[in-house]
Amino acid sequence: MKRKPKIISSDATVPKKHHWAMGLLVSMEDPQYKVKEDDKVTVIKDKYPKAQYHYLIIPKADIPSLWHIKKENEDLLIHMHCVAEDLTRQHKESEFLIGYHAVPSMQRLHLHVISTDFNSPCLKTKYHWNSFTTPFFLHSTDICNQLREKGELKKLKSEESAQHLSIPLKCHKCPTTPKNMPDLKRHLLAHFSGRNNLFDP
Ligand code: AMP
Ligand code: ZN
């Protein structure tokens, strides 16, 4: 029996809008997630926040990822950074990290703005942790400087990115090396529950 030929879309590499990897585009339009917008960007709450405060800043221009950024996008990256800093000023009691994952999982460029308490039930795996606390996390200031100075962004090798994600757990605030995620979470609570002098002499 003759098989029916498979119908392949004109560009099979581009996920459809209902594909999970396109979820940010859906959340950009959802009042439950949308925090604010201007003519260049939309700010949303991360659907699976990995800390008390976790926002994503997404450009309106259809830029798939950081690795599609060109010199002419420099002003946009600087603008995204300014919007991020503005958000952090709304939570003066918290410290924040502002940056990009070296290998993003979701479509459309997005800048993470995340508080460093990492106090969230959605922070579950070593990969989640390492994606924010190792060089897998590309700080926005470094990215903006690199684009200004070199005129382009240097992509991390994929083996290097994978290595960062799989290194043993280490606290981002002190030399402690927790055995596992529950151990890390207990340790983080001690840092962020008013016992900030935990490791002071
Ligand atoms: P990454 O692509 O690794 O830089 O991170 C993607 C981020 O998007 C993660 O922090 C996810 O928790 C978050 N996320 C995944 N799906 C959605 C969604 N539909 N709406 C909002 N945030 C999402
Ligand atoms: Zn610590």
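Which percent of the accessible heavy-atom area of the chain goes to carbon and sulfur, probe 1.4 angstrom? Working shown, then result.
Working: 6720 of 12460 Å².
Ligands and nucleic acids excluded, carbon and sulfur reach 54 percent.
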With a 32 Å threshold on alpha-carbon distance, the violating pairs from Lys40/Lys179; Lys71/Lys126; Lys40/Lys185; Lys126/Lys157; Lys150/Lys185 are Lys40/Lys179; Lys71/Lys126; Lys40/Lys185; Lys150/Lys185
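Between Ser193 and Lys60, what length comes free when the chain is fully extended (0.36 nm per residue of separation minus the Cα-Cα distance, one decimal in nm)?
Numbers: separation 133, 0.36 × 133 = 47.88 nm, distance 3.79 nm.
Roughly 44.1 nm would be gained on extension.
What FRET efficiency do you get for Lys179 and Trp20 if R0 is 41 Å and r is their Cβ-Cβ distance, rounded to the nearest 0.05? Don't skip to the answer; put the middle values down first.
On the way: r = 32 Å, r/R0 = 0.77.
Once rounded, the FRET efficiency stands at 0.80.
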Counting only protein heavy atoms and rolling a 1.4 Å probe, one gets per residue an accessible area for the stretch 33-172 in Å² of 51
The simple spin-label model distance between Glu85 and Glu149, using points 7 Å out along Cα→Cβ, in nm, is 1.8
Two pseudo-spin positions, 7 Å from Cα along C-beta at Glu160 and at Lys40, lie apart in nanometres by 2.8
Yeah, the chain with a ≥ b ≥ c from its alpha-carbon gyration tensor (a/c under 1.5 is rounded, else prolate when a/b outruns b/c, oblate otherwise) is prolate
Any residue on another chain or 5+ positions along whose placed amide H is under 5 Å from the amide H of Phe118 is listed here as Gln52
FRET efficiency (Asp142, Asp30; Cβ distance; R0 25 Å; to 0.05) is 0.20
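Any number yet on Rg/Rh for the stretch 57-171, C-alpha, Kirkwood?
Numbers: Rg = 14.3 Å, Rh = 14.9 Å.
Rounded to two decimals, Rg/Rh equals 0.96.
Quick one: ranking Val103, Val35, Val83 by accessible area, 1.4 Å probe, largest first, what do you get?
On the way: Val103 80, Val35 60, Val83 20 Å².
Descending order: Val103, Val35, Val83.
The values are calculated or read from the model by the stated rules, or taken from the named source; none is laboratory data. Here the structure is a predicted model, which is why all the values come from computation and not from measurement. A quick note on method: Cβ atoms are made from the backbone with ideal geometry, for glycine too, and the neighbour counts reach across all protein chains shown. Surface accessibility is based on the protein's heavy atoms, side chains included, excluding ligands, DNA and RNA. Shrake-Rupley method; radii C 1.70, N 1.55, O 1.52, S 1.80 Å.
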